[in-house]
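Structure first, commentary second.
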Amino acid sequence: MAFNWDKLCKAQRDYPRPKFALDAVGKLLKKRPTDPYLLAWKASTLLRLDRRADEALSLWTSLCQQQPPITDLDLLPFIYNGVLTASRQINPSVSTPSSVGAEGLKAWQNAAKSLSNRRAKLTLWSDLFIVAMKEECWEDARLATMQANKEGIDPKYRKALYYSLILAYQLAGERKAEVLRKTGKIDQGVQIQLTLAQRQMKDAYGNASKSTDESIQVATMSDVRFMAAIYERQNRCGELFQLWDDPPPAVRKLIDGASWDFALLGIEVAHRQKEWQLVETRCYQLIEKIWQPGNLTADDPSVVKVNMFNICTMCWTMWKSLLNATTGLYPSAEGRLKIEKLYSGVWNSLPPLDPRTYRAIGLTQLMLESYLGHSILDTITQFYIICFRNPSCFKDLHRFVALLSVEEQRTFQSSISEHAQNLGTMMKDNEEISSEDIKQNIRVWYEAETTVLKFELLMIVSSPENPGLAVLENFVENTLRLWRLQLAVEATDVVCGSDAFLLAVEGLVHLFEATSLPQYLYQAAVLTRHAISLDRQQYGRGLALLSTRLHLRLGLGTIAFEHYNRVQVKEMLHDNVAWVPLSRISQSHPFGASGPRGFSADNELEKVISTLSRMENKVDDLLYADLQHFMYDKAFDLLELKRKLRGSLTKHFCIIERRRIARLAGTPVDTTLDLPLRNYEDISDNCHWDAVPALNNTRPDGLRSTDLISPITKLWVHSFHSLIDVVNGIVFKEFPTGHQVFFSCEPFTQISDSSTTEIEEPDNGARLSKTETGLNEFYWKPIACILQKIFPAEKLPVRSETGSLEEAFQHIFSQLEIDAGELQPSLLDDDQADFIGAPNLTEDGLNAVYGRLEVLRTLNRLLDFMRPISKARTHALHKDITVARCDLLHEYITEFYRLHRTRIAAFIDRLRVSGGAHIRALLTYNKTGAAVSGVIAGETLDRYSKEYADSATEALKGVLKVNLG
């Protein structure tokens, strides 16, 4: 019975293991040696085996040349992908070629020759266009577009085909240039393709001057944006603006109908290319258009105000671009003189400003005055008086307040404090007003007091002189007092996560960072725990995220995930906020918990990965349409979104965490988690580090720059894959030696030597926590060195500075002895009766425990490689890897493992006996604890303390689930 596509898919499902699949297909090929489906099955199976890519590529090539030609539109893309996969395995340094190559295209060309129907040929070339786009082989997409054009296409689809060809020319040239940079070659064809893209775009723009039936002409703003993208990507802004300055009549009508959008588009394009002269010219053109000195005395001067409001809101980027252009074009004094002239001409001639629209104009005024070096204290104070009720008031002003001198900051703080006091006095004096008016006045006073407190905290933490703990503790007291007053007046659902509450949490976090005392962190956590209990309508997504991170930081996983489950996260937002609960989750709560507050870390990780894959598929559905319906005008944006989802940092670290959980649990690692190498070349950090409220008042990066989390970064992902993942892959036999393709991937090679890396990180290259740094230096690098010696013929993708085997073993034995000494039962704190310190392992402690257990499991498996060598007298390493050394290592491993379990059992026992009382004492520690007690009732604190002790116990039980075998 002949094979077909459906049977091929079924066979692959029935034989998931390559070895058995190869046996099965071999038997079938004896009966039908030329069956293309069987040959494709064999070739795809060979790609899953070690060092069989050359053999697979030979089979794929023979399929491309097969006669009669293959015309199955399911099998042809399968062959196309197979050729690319084989080529990438053979030469991993070029993971994204511009074309599959002449041999790979032969199958499509032969299939087209065998088809007599024009519609069938168009469908064939359309399918090639789609599969080439998916693999980013834009040279092949260009070929498919040109071939489809030769076949003739319905006139109503001609424009889509024409612009698709422009896109293909542009991206084919870019991709070819990228490949040439990696190989160090030169090809003039790159510039030819880019010139063809620009020329065809120019022709389409020129066609707008012809009759309206010309189907390819620039006719919409989407077409104009597409044109801008082509010229911008080729650094031809000057030519673009020359064309735009003298547009055809049809385009002129289009520009006049969308003048604001068009003006901003030109400024944005020139600014991204740093064409400062063009930026300045177009900014002044826009200003002159909306503000002309001769028109200020018109009958309706409010038009000027409206125009200024528009330019300060919709065109806010214009001012930023103008200042950057001025800085780039002129010396400092000359640049300030030009802006001074503009500033005085505009602001001195404006009609009276409306407080309702003041914010936009006021912010622009502050930005220009600060650029000019004017005294901005009065303007800041005026802005505050007018806008203090706006929730963004502090965010608007804090960067300008930071520019003030210390004395000016004190003056400003005094002024706004006096303003808030006056509001309070007015509220007390108006005793005859209605109760509803009283509530409204209280709200106004509260908003003023809250904003004052925000500036107070900013000045406390940014003070060059150490303000002392008492200042921060008093601040926390004041904010909690204000929150308590607010709770007494307003509905709790409305104010449970108010700014006053968030300021108290922020103050406690600063105290924790200054002292490292867990009491402050426990108090911050219990405040969020209580605030969530008041949020019965579950409105506070940000509040739940904050509580999740605080409780995870304390090692209280069940509480954290109970609150995280309250977060209503849309599909797209998983990519932005999953870092809150899942960063390094394998090192703190790998096995989750059971019971009413149970959760599964692995399930949560899998949910995020599948959600991101589903989002990527949705983008594919929009992007990868056939030639007739291809959305060329949305292509650049969709390709960028596709790039971000494909290389999502969130997806990468979730996959890493799932792999680590599987290894700790002793279960097989899911091979479907492996990503193509090209996914690692451009990792996209889509995390919203400011998604968690609190801490944003004094830190622009939010939680990223606090002790509440050690951020996951691109460098962290590269570091893990280039060392820990490879070591574990070998010792747990997850892939054969020699199959570690990571080393051939350029980003991983760069990361192996941090001194040469050029990958940008917002945190200045930080990639590892303190625990991870120690484990890498004292365990993982020496283990990598041992593996390199055991497999001298293999080029393992690890770099180790440990040196000889003797030095590697000494590093491991010395550190095992040090770590084991720290775990002696006698060293378990005996002063807990005084309730000093945390009674449980916080996130740092859990990370250290699981990190060491991960090392112990790896060392235990390493013994499986060492023992045969110790018994083989003829082995080159027999003298270094002796039976005595293997026995010593085994003794260290088993003793260290026993000490770990003993210590964790002691922690659990202590938590059961006195954990609740200990935590209760931490919650009421010092004057900040007294302030917490003033907000949360004593019986409620007792209940929370017990919940915390139970959660800490549950977290420690997970450690006991890790086995050595």
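Descriptive notes on the structure:
- Filter pass, Pro782 being at pLDDT below 65 and surrounded by 21 or more Cβ atoms within 10 Å (Cβ to Cβ): no
- Of the residues in segment 817-830, none is assigned to a helix (DSSP H, G or I), over 30 Å from Ala906 (Cα atoms), charged (D, E, K, R) and modelled with pLDDT under 90.
- Helices (runs of 4 or more DSSP H) enclosed by segment 257-342 - at least 1 residues per element that are at pLDDT below 75 and touching a Pro at 6+ places or on another chain (Cβ under 6 Å): 302-313
- Residue list for segment 477-499, filter: in contact with a Phe, Trp or Tyr (Cβ under 9 Å, 6 or more places away or on another chain) and either at pLDDT 90 or above or in a loop (DSSP other than H, G, I, E, B) (or both): Thr479, Leu480, Leu482, Trp483, Glu490, Cys496, Gly497, Ser498
- Qualifying residue in segment 7-19 (condition: in a helix (DSSP H, G or I), under 25 Å from Leu124 (Cα atoms) and of a type in the set (Lys, Arg)): yes
- Gln409 vs. criteria buried (at least 17 other Cβ atoms within 10 Å of the Cβ) and of a type in the set (S, T, N, Q): yes
- Qualifying residue in segment 619-641 (condition: buried (at least 21 other Cβ atoms within 10 Å of the Cβ), touching a Pro at 6+ places or on another chain (Cβ under 8 Å) and among the hydrophobic types (A, V, I, L, M, F, W, C)): no
- Of all residues in segment 190-211, none are of a type in the set (Lys, Arg) and under 35 Å from the mean Cα position of the chain (by Cα).
- Meets criteria (under 30 Å from Lys341 (Cβ atoms), at pLDDT below 90 and either part of a helix (DSSP H, G or I) or not polar (S, T, N, Q) (or both)) for Tyr358: yes
- Of residues in segment 173-197 being assigned to a helix (DSSP H, G or I) and of a type in the set (Gly, Ala, Ser), the one surrounded by the fewest Cβ atoms within 10 Å (Cβ to Cβ): Gly189
- Filter pass, Leu677 being among the hydrophobic types (A, V, I, L, M, F, W, C) and touching a Cys at 6+ places or on another chain (Cβ under 9 Å): yes
- Residues being touching a Ser or Thr at 6+ places or on another chain (Cβ under 9 Å), part of a helix (DSSP H, G or I) and farther than 23 Å from Pro68 by Cα - total across segment 25-55: 1
- Within segment 607-624, residues that are within 20 Å of Pro676 (Cβ to Cβ) sit with their Cβ atoms under 9 Å from residues that are of a type in the set (Gly, Ala, Ser) and in a loop (DSSP other than H, G, I, E, B), at 6+ positions apart or across chains, in these pairs: Val608/Ala578; Thr611/Ala578; Leu612/Ala578.
- Qualifying position, being under 30 Å from Gly934 (Cβ atoms) and of a type in the set (A, V, I, L, M), among Ala593, Ala544: Ala544
- Filter result for the condition that a residue is at pLDDT 90 or above and β-branched (Val, Ile, Thr), over Val406, Val401: Val401
Matching residues to (1) buried (at least 16 other Cβ atoms within 10 Å of the Cβ); (2) of a type outside the set (A, V, I, L, M); (3) part of a helix (DSSP H, G or I); (4) touching a Lys or Arg at 6+ places or on another chain (Cβ under 9 Å):
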| position | (1), (2), (3), (4) |
| --- | --- |
| Leu846 | yes, no, yes, no |
| Leu853 | yes, no, yes, no |
| Arg898 | no, yes, yes, no |
| Asp909 | no, yes, yes, no |
| Arg912 | no, yes, yes, no |
| Ile919 | yes, no, yes, yes |
| Gly929 | yes, yes, yes, no |
| Tyr948 | yes, yes, yes, yes |
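- Residues satisfying the stated conditions in segment 70-99, i.e. among the β-branched types (Val, Ile, Thr), over 23 Å from Arg181 (Cβ atoms) and surrounded by fewer than 19 Cβ atoms within 10 Å (Cβ to Cβ): Thr71
- The residues of segment 412-436 that are modelled with pLDDT of 70 or more and surrounded by 12 or more Cβ atoms within 10 Å (Cβ to Cβ), listed by number, are Phe412, Gln413, Ser415, Ile416, Ser417, His419, Ala420, Gln421, Asn422, Leu423, Gly424, Met426.
- Among the residues making up segment 243-290, those that are closer than 18 Å to Lys202 by Cβ and over 36 Å from the mean Cα position of the chain (by Cα) are Leu243, Trp244, Asp245, Asp246, Pro247, Pro248, Pro249, Ala250, Val251, Arg252, Leu254, Ile255.
- With respect to the stated conditions, Tyr157 is in a helix (DSSP H, G or I), among the aromatic types (Phe, Trp, Tyr), out of contact with any strand residue (DSSP E or B) (no Cβ under 6 Å at 6 or more places or on another chain) and surrounded by fewer than 22 Cβ atoms within 10 Å (Cβ to Cβ).
- Only one of the listed residues (Ser215, Ser164, Ser222) is buried (at least 21 other Cβ atoms within 10 Å of the Cβ) and of a type in the set (S, T, N, Q). That residue is Ser164.
- Qualifying positions in segment 867-890 - part of a helix (DSSP H, G or I) and under 47 Å from the mean Cα position of the chain (by Cα): Arg867, Pro868, Ile869, Ser870, Arg885, Cys886, Asp887, Leu888, Leu889, His890
- Hits in segment 563-590 - residues which are surrounded by fewer than 21 Cβ atoms within 10 Å (Cβ to Cβ) and either touching a residue at least 40 places away in the same chain (Cβ under 8 Å) or more than 24 Å from Val526 (Cα to Cα) (or both): Lys570, Glu571, Met572, Leu573, Asn576
- Cβ-Cβ distances below 6 Å connect the following pairs, each with a first residue in segment 456-478 that is touching a residue at least 24 places away in the same chain (Cβ under 8 Å) and over 17 Å from Ala402 (Cα atoms), a second residue that is in a helix (DSSP H, G or I) and of a type in the set (Ser, Thr, Tyr), and a separation of six or more residues or different chains: Glu473/Thr928; Val476/Thr928.
- Checked against (1) farther than 28 Å from Tyr169 by Cα; (2) at pLDDT 90 or above; (3) outside any helix (DSSP H, G or I), Leu73 passes all but condition (1).
- Scan segment 106-154 for residues that are outside any helix (DSSP H, G or I) and small (Gly, Ala, Ser) and the total you get is 2.
- Filtered residue count, segment 654-692, keeping only those that are over 24 Å from Asn963 (Cα atoms), touching a residue at least 40 places away in the same chain (Cβ under 8 Å) and in a helix (DSSP H, G or I): 3
The values are calculated or read from the model by the stated rules, or taken from the named source; none is laboratory data. Here the structure is a predicted model, which is why all the values come from computation and not from measurement. Because the Cβ atoms are built from the backbone with ideal geometry, glycine has one as well, and the counts that use them run over all protein chains shown.
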